[in-house]
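The values are calculated or read from the model by the stated rules, or taken from the named source; none is laboratory data. Owing to the predicted nature of the structure, the values given are computational and were not obtained by experimental measurement. For neighbour counting, all protein chains shown are included, and Cβ atoms are generated from backbone atoms with ideal geometry for every residue, glycine included.
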Amino acid sequence: MPEEAFALEPRDGYRPLVEQDLVVLVGLTGAGKTTLARALALPTLPNRRALTDRYVLGEPVADRVERFRRVAAWRARHPGGIAELLARGYAPPRPLWLFDGLRGEGELAYALSHLPRARFLVLELDHGTRLLRLLTRGDAFDRTEAGGEDLFALARGVVPEEVLEEALRVAPAEEVRKKLRIVVEEAKNYGYEGVRRVLGKSPRALFLDAKKPVEALVAEARAWLEGAGADR
């Protein structure tokens with residue numbers, strides 16, 4: 001779906017997103033949001049990366065860690081984060097839009113209260129598995145400067161030592177350091193604990209084990225979405 005599918009100002013033929021049904025993917029890098037989005041094959045709004053480049057940064061920023069820092073500064077002024085943009089946004093009417101995706105406690109709390117027709121698919125995946133996926137998925141967006149940190153010190157409290165040792169068998173240390181910086185920075189800015197605090201008891205959220213095959217996740221998500229639609 002082209003970027004013109006979303007606007008922050010009224011347009012002919014567009015309706016406020018707050019008046020439309022929306023399913024929001026929630027998860028950190030490597031959790032499988034893009035794969036699930038493709039498999040669900042729903043009409044899709046411009047994703048988080050596109051909205052961030054256009055409305056938050058004003059330009060593409062290739063270095064992931066630098067993006068986190070600049071977005072964090074913006075979030076200090078906009079605690080609802082990207083959810084604030086969605087709540088202000090307009091899109092052509094569709095039976096159900098998909099958005100990839102929201103992160104962190106502040107964004108999700110804002111979305112839960114300001115997007116009354118939104119439902120949330122939360123992909124949960126441990127940070128160690130995320131690191132291993134980043135090392136093998138070959139996404140050009142997963143870029144950052146390597147830095148000179150000690151790998152085991154950098155990983156402490158986020159990625160277990162045995163997983164880090166496995167990562168070092170998969171890829172050179174410099175590449176592991178780059179991907180580990182992304183994982184650690186995301187864990188610091190968008191921890192899963194906050195997601196659970198906001199959505200853990202909400203009937204509008206489904207938590208998915210992202211280690212499952214995508215076919216199983218699609219079946220689980222579709223069954224839940226159909227049931228949630230019937231309950232509306």
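Remarks
- Taking the criterion of being of a type outside the set (A, V, I, L, M) and either in contact with a helix residue (DSSP H, G or I) (Cβ under 7 Å, 6 or more places away or on another chain) or at pLDDT 95 or above (or both), the residues of segment 187-199 that qualify are Asn189, Tyr190, Gly194, Arg197.
- In segment 38-66, the residues that are within 27 Å of Arg181 (Cβ to Cβ) reach residues that are of a type in the set (S, T, N, Q) and crowded, with 18+ Cβ neighbours inside 10 Å with C-beta atoms within less than 7 angstrom, at least six apart or across chains, in these pairs: Asp63/Thr144; Arg64/Thr144; Val65/Thr144.
- When segment 68-93 is filtered for residues that are of a type in the set (Lys, Arg) and touching a helix residue (DSSP H, G or I) at 6+ places or on another chain (Cβ under 9 Å), the ones remaining, listed by number, are Arg69, Arg70, Arg75, Arg88.
- Out of Leu217, Leu180, one residue alone is surrounded by 14 or more Cβ atoms within 10 Å (Cβ to Cβ), modelled with pLDDT of 95 or more and not polar (S, T, N, Q). It is Leu217.
- Residue within segment 133-153 that is surrounded by 15 or more Cβ atoms within 10 Å (Cβ to Cβ), free of Cβ contacts under 8 Å to residues at least 40 places away in the same chain and farther than 23 Å from Pro16 by Cα present: yes
- Evaluation of Val18 against (1) assigned to a helix (DSSP H, G or I); (2) within 23 Å of Val214 (Cβ to Cβ) (one fails), failing number: (2)
- Qualifying positions in segment 51-66 - among the aromatic types (Phe, Trp, Tyr) and in contact with a strand residue (DSSP E or B) (Cβ under 9 Å, 6 or more places away or on another chain): none
- Where Leu28 falls short, out of the listed (1) in contact with a Phe, Trp or Tyr (Cβ under 9 Å, 6 or more places away or on another chain); (2) surrounded by 20 or more Cβ atoms within 10 Å (Cβ to Cβ); (3) more than 18 Å from Leu206 (Cα to Cα): (3)
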